[in-house]
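Notes to accompany the following structure.
The values are calculated or read from the model by the stated rules, or taken from the named source; none is laboratory data. Predicted model only: the values in this text are computed from it and were never measured. Cβ coordinates were reconstructed from backbone atoms using ideal geometry, including for glycine residues, and neighbour counts include every protein chain displayed. Accessible surface areas use protein heavy atoms only, side chains included; no ligands, DNA or RNA. Shrake-Rupley method; radii C 1.70, N 1.55, O 1.52, S 1.80 Å.
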Amino acid sequence: MNQPSKAPRGSAAKSKTKKKSRMELDQEARERKRLKKRRGLASGSRTQVESGSQKNKSAAEAKDPRIGSKVPVALVVDETKVKAKPQPKPKAEAKPRLSPEEELAKLENDERLNALLDRIDDGETLNAEEQTYVDKMLDRIDVLMDVLGIELGEDDDEEEEKQEDILKLLKGGNPKDAF
């Protein structure tokens, strides 16, 4: 009832690779050493490099392994060539959005705008730049007032006149007299 196992026990103890003898190991070491000796440059390579330097230079110029700008940098400063480079503009910082009330208050208290409006009231003419500034600011004020639902005080006077006209009509007066 004992059945033979598939693999004999004696072969499991043997390794599949044959152990090399000391002489074989020494021979392989000598071969590796001999191959290692051949890694250097060929004899007389010093004279060959000079004659073949033109080929090497063109290959080096064709592909430059350095990273970065290849622009030559002057090591000596020539006063005739000194140019003031314009300073890079700092990135415009994101202005915090003001609420419409704050922005309207800021525009109403703008000293430059008030001075220009005073000059216009005095009858002076403004140059193109000042006029565009005034127009731009007044347009912005109108937009903000519309957003906030604020109406100009002149409208109130017209409404009062209309109410007076209606009262005169009701009392029996002539509507044309109201105008």
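I'd like to verify a number: residues in segment 79-105 that are over 22 Å from Val143 (Cα atoms), modelled with pLDDT of 70 or more and polar (S, T, N, Q), how many? Result for segment 79-105: 1. Within segment 92-110, residues that are charged (D, E, K, R) sit with their Cβ atoms under 8 Å from residues that are open to solvent by 80 Å² or more (accessible area, probe 1.4 Å) and modelled with pLDDT of 85 or more, at 6+ positions apart or across chains, in these pairs: Glu103/Arg140. Every condition in (1) at pLDDT below 75; (2) open to solvent by 80 Å² or more (accessible area, probe 1.4 Å) is met by Ala59 except one, and the failing one is (2).
When Leu113, Leu117, Leu169 are checked against the criterion of being at pLDDT below 75, assigned to a helix (DSSP H, G or I) and either surrounded by 10 or more Cβ atoms within 10 Å (Cβ to Cβ) or hydroxyl-bearing (Ser, Thr, Tyr) (or both), a single residue qualifies: Leu169. Just one of (1) over 35 Å from the mean Cα position of the chain (by Cα); (2) at pLDDT 75 or above; (3) basic (Lys, Arg) fails for Arg140. It is (1).
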